[in-house]
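Okay, structure first, notes after.
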Amino acid sequence: MLKQWWKRRIQPKKDLNWFLQHPDMLEERGHALRIAGIYLLVGFLWILVSDVLLFALFPNPQTYHMAQSFKGWLYVLVTSATLYGLIRWRMQVLVQAAQTISAAYAELQATHEELVTTETELRYQKDLAEHIVDDAPSIIVLWSLDGSIEELNPYGQTLLEADASGDNLRMEDLLGESITSLRERLQTSTAVRSELGRWQVPSGRSVFVLWNSRQLSDSHRGEPRVISVGTDITERRELEQRLHRLAYYDALTQLPNRQLIHDVMDQWITLQKPFTLVVLDMDHFQDINDTLGHDAGDAFLEHAAQQLTAITSGHDVLGRIGGDEFGFLWFNVTDAEVIQRRIDRVFDVFGAWAVGDHEFMMTFSAGAACYPDHGQNSSDLFKNCDTALNDAKKHGRGRCKLYSQDIQDRNVAAIRMSSAIRRALENQEFELYYQPYMDLESQTIIGAEALIRWPQPDGGFISPPDFVPLAEDTGQIYDIDRWVIQEALNEMQYLTASGFGQLFLSINVSSRTVNQPEALEDLANTISNSPVNPQRVILEVTETALLDTFSAAPASLQRLSDLGVHLALDDFGTGYSSLEYISNWPIKMIKLDRSFINNIGLDEKKEAVITSVLQLAASLQYTVVAEGIETEEQWKFLTLQGCRRGQGFLFHRPLPKDQWHRLVATELLSQ
Ligand code: C2E
Ligand code: MG
Ligand code: MG
């Protein structure tokens, strides 16, 4: 039991807390007095009781005396043991206390070291935070949710031209967002990103800032505080704006470019807003560039852009969509009459444009397509607008065409026809027919006009008026004309070899070829390099060839004339050219158009015109050939009026080569 008590008292490891709860255990005077007290009590009891007890036990004085000695020893022994026990107990308590203190000290030491490390870390973090706030190239604002700014870092002060307290700033304006809305957003998420804020600094510059805000958890100062970090994206924004301008605006006129027009159309289409796209193409712009140079061309385009801008209003958009092409988007306009009225207004804007001594008449051709009727997307609308524009150009420039299914159908047919022409050229499908030229008085054959024919599998033909104009548009006419010339020259060689070298051969040349210097040069070379007698070659050109560009004959045409080739003006009387006008040209022959001959015997006025043309031509020494003589009456009238040459169904229809050869052989050999 004693052992247990001892164990309970001494053995359990006592920690610092135990000692703190039992301060008496380490109280030195009390314990010393207690030990001395115990010793005093034991000694007192021993002295008081031992002798009486001993005397009772050993009444014999001799044994009593001996026992007295033993009692003395026993006393020393017992007191020694007691002292030993008491001192050991106290020492154990002391040792334990010392150990506990030592352990607590070690713990304290470790905690202290930890605290020192934490303090160093905290100091480092503080330095870092201060460094970031002071030196980071970001605006850092500490502000209360009532909108008042508490601190603004140096970078922010410089950028926003403000002081540290941000007195001249309003947080709402900086963020570009109301405090209430930000406050709401901060309640649902810890960090929020604001829309782009735009702030005009006192010096007038605009600064664009992207903000990230976070509510601070520490709110011991009362009103919750927010830290907002702003990145200055002004430069990036300016760069973006510059790139945007480059990508979407034309550098010369500053007008929206084709891409932007596309985008606006896409937006309107998404909103299903009706509109009309109009593409304006300047007629003969290339002439300005060629005659006056590109600077003048640019000046003209700028001028045109200004004129067009002046008549653009409301939601309408004007853009430059290509070299000499401008585009209008007319919002909410799809009525054909309204479109035409507006186009008339646009055309009225332009007139003469003078640069230096030169004056140009500015005219435009235009095509228009409406959403939703003429296309469901911007690409289709552009495509259809171009189709309408090309149609307008084909029908004579300076006009506008609104897209229609008709135009599209014609276009598709034209594309098919154009591929068929290409195949026909490759496969040598074309043929030349020959319509004899007659001496009207003697009714003898003096030559023939070569007329192209395009035989079809069904045995019929596609006649020249059905494919020549298209071939002129596509440029295939150069190849056709080259083939015709070569074939006609071969025919002349054959006729010469067959003894009919005196016959003329008249060849039709397209106005395109006449107006294409290289093509005309090529033609002149082909004739001069061939063994045929150029004096027997007649080249028929139409009035349009002369009216189109030139006021004087191109050098190659003069060269052909010098070679001895006769140049004839075909279809005379259908256009506006006068005999006086063509006197500038090396033309010595005119072919009076069938539309005049038709009226012989029907219209006296027309007859009078024929008579006076024949008289004038004779006095100017032009040879006149009458086309399309179908009746005896026409023939007689013409002969009577002194017309010496003619062709027509009355004499012969255009004949295939073999029939023409047979005719020549029979008619000419019999003479
Ligand atoms: P063009 O040069 O005025 O040719 C005369 C046209 O009148 C021919 O039509 C001919 O067949 C037709 N013709 C001749 N006599 C009469 C007549 O008495 N009555 C009627 N109703 N018609 C008559 P075609 O062959 O259809 O040629 C039409 C036009 O096509 C030609 O008019 C010419 O401008 C062009 N053309 C024909 N062949 C060629 C060619 O090889 N090259 C080029 N570039 N154009 C050609
Ligand atoms: Mg002809
Ligand atoms: Mg003709």
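The values are calculated or read from the model by the stated rules, or taken from the named source; none is laboratory data. All values reported here derive from a predicted model rather than from experimental measurement. FYI the Cβ positions are ideal-geometry reconstructions off the backbone, even for glycines, and counts take in every protein chain you see.
Details
- Residue-level check: of (1) within 16 Å of ligand 2 (Cβ to nearest atom); (2) farther than 19 Å from Arg653 by Cα, Asn427 misses just (1).
- Test: residue in the stretch 353-367 that is among the β-branched types (Val, Ile, Thr) and touching a residue at least 40 places away in the same chain (Cβ under 8 Å): yes
- Qualifying strands (runs of 3 or more DSSP E) (wholly inside the stretch 318-364; at least 2 residues being surrounded by 20 or more Cβ atoms within 10 Å (Cβ to Cβ)): 325-331
- For the stretch 571-602, residues that are out of contact with any Phe, Trp or Tyr (no Cβ under 7 Å at 6 or more places or on another chain) and within 13 Å of ligand 1 (Cβ to nearest atom) total 9.
- Filter result for Ala305 (outside any strand (DSSP E or B), in contact with a strand residue (DSSP E or B) (Cβ under 9 Å, 6 or more places away or on another chain) and at negative phi): yes
- Odd one out for Met492, checked against (1) within 19 Å of Leu432 (Cα to Cα); (2) at pLDDT below 95; (3) surrounded by 20 or more Cβ atoms within 10 Å (Cβ to Cβ); (4) more than 13 Å from ligand 1 (Cβ to nearest atom): (2)
- All positions within the stretch 309-362 that are modelled with pLDDT of 90 or more and hydroxyl-bearing (Ser, Thr, Tyr): Thr309, Thr312, Thr334
- Residues in the stretch 449-466 that are part of a helix (DSSP H, G or I) and closer than 12 Å to Phe430 by Cα: 1 in all.
- If only residues of the stretch 585-608 that are of a type in the set (Gly, Ala, Ser) and more than 60 Å from the chain's Cα centre (by Cα) are counted, the one that is surrounded by the most Cβ atoms within 10 Å (Cβ to Cβ) is Gly601.
- Failed item, numbered, when Ala424 is tested on (1) on the phi > 0 side of the Ramachandran plot; (2) modelled with pLDDT of 95 or more: (1)
- Filter result (away from ligand 3 (no atom under 16 Å from the Cβ) and either in contact with a Ser or Thr (Cβ under 6 Å, 6 or more places away or on another chain) or within 12 Å of Ile445 (Cβ to Cβ) (or both)) within the stretch 634-651: Gln641
- Asn411, sole failed condition from (1) assigned by TED's automatic domain parsing to the domain that holds His661; (2) within 53 Å of the chain's Cα centre (by Cα); (3) farther than 24 Å from Asp658 by Cα: (1)
- For the stretch 429-460, a residue qualifies if it is more than 21 Å from Asn490 (Cβ to Cβ), surrounded by 15 or more Cβ atoms within 10 Å (Cβ to Cβ) and more than 16 Å from ligand 3 (Cβ to nearest atom), and exactly one does: Leu440.
- Residue in the stretch 218-238 that is of a type in the set (A, V, I, L, M), without any contact (Cβ under 8 Å) to a residue 24 or more places away in the chain and either out of contact with any Gly (no Cβ under 9 Å at 6 or more places or on another chain) or exposed (fewer than 12 other Cβ atoms within 10 Å of the Cβ) (or both) present: no
- Hits in the stretch 611-637 - residues which are more than 30 Å from Glu431 (Cβ to Cβ) and within 16 Å of ligand 1 (Cβ to nearest atom): Glu632, Glu633, Lys636, Phe637
- For the stretch 252-301, the candidate set comprises residues that are among the polar types (S, T, N, Q) and surrounded by fewer than 18 Cβ atoms within 10 Å (Cβ to Cβ); within that set, the residue that is nearest to the chain's Cα centre (by Cα) is Gln259.
- Selection within the stretch 49-84 - within 30 Å of Asp24 (Cβ to Cβ) and exposed (fewer than 12 other Cβ atoms within 10 Å of the Cβ): Ser80, Ala81, Tyr84
- Among the residues of the stretch 609-641, those that are buried (at least 18 other Cβ atoms within 10 Å of the Cβ) and part of a strand (DSSP E or B) comprise Val624, Val625, Ala626.
- Contact annotation: residue pairs with Cβ atoms under 6 Å, 6 or more positions apart or on different chains, pairing a residue in the stretch 522-550 that is assigned by TED's automatic domain parsing to the domain that holds Gly447 with a partner that is hydroxyl-bearing (Ser, Thr, Tyr) and at pLDDT 75 or above, are Ala524/Ser556; Ile538/Ser506; Glu540/Ser506; Thr542/Ser511; Thr544/Ser511; Ala545/Ser511.
- So Leu560, is it assigned by TED's automatic domain parsing to the domain that holds Ala448, crowded, with 19+ Cβ neighbours inside 10 Å and within 16 Å of ligand 2 (Cβ to nearest atom): no
- Looking only at residues of the stretch 451-460 that are of a type in the set (A, V, I, L, M, F, W, C) and within 9 Å of ligand 1 (Cβ to nearest atom), we find that the one that is nearest to Pro654 (Cα to Cα) is Leu451.
- Count of residues meeting criterion [among the polar types (S, T, N, Q) and within 15 Å of Ala352 (Cα to Cα)] in the stretch 285-305: 0
- Selection within the stretch 637-671 - small (Gly, Ala, Ser) and touching an Asp or Glu at 6+ places or on another chain (Cβ under 8 Å): Gly646, Gly648
- Count of the stretch 285-321 residues which are without any contact (Cβ under 8 Å) to a residue 40 or more places away in the chain and not aliphatic (A, V, I, L, M): 14
- Looking across the stretch 642-667, the residues that are crowded, with 17+ Cβ neighbours inside 10 Å and farther than 20 Å from Val541 by Cα come down to Cys643, Arg644, Leu650, Phe651, His652, Leu655, Trp660, His661, Val664.
- With respect to the conditions (1) within 16 Å of ligand 2 (Cβ to nearest atom); (2) at pLDDT below 90, Glu580 lacks only one, and its number is (1).
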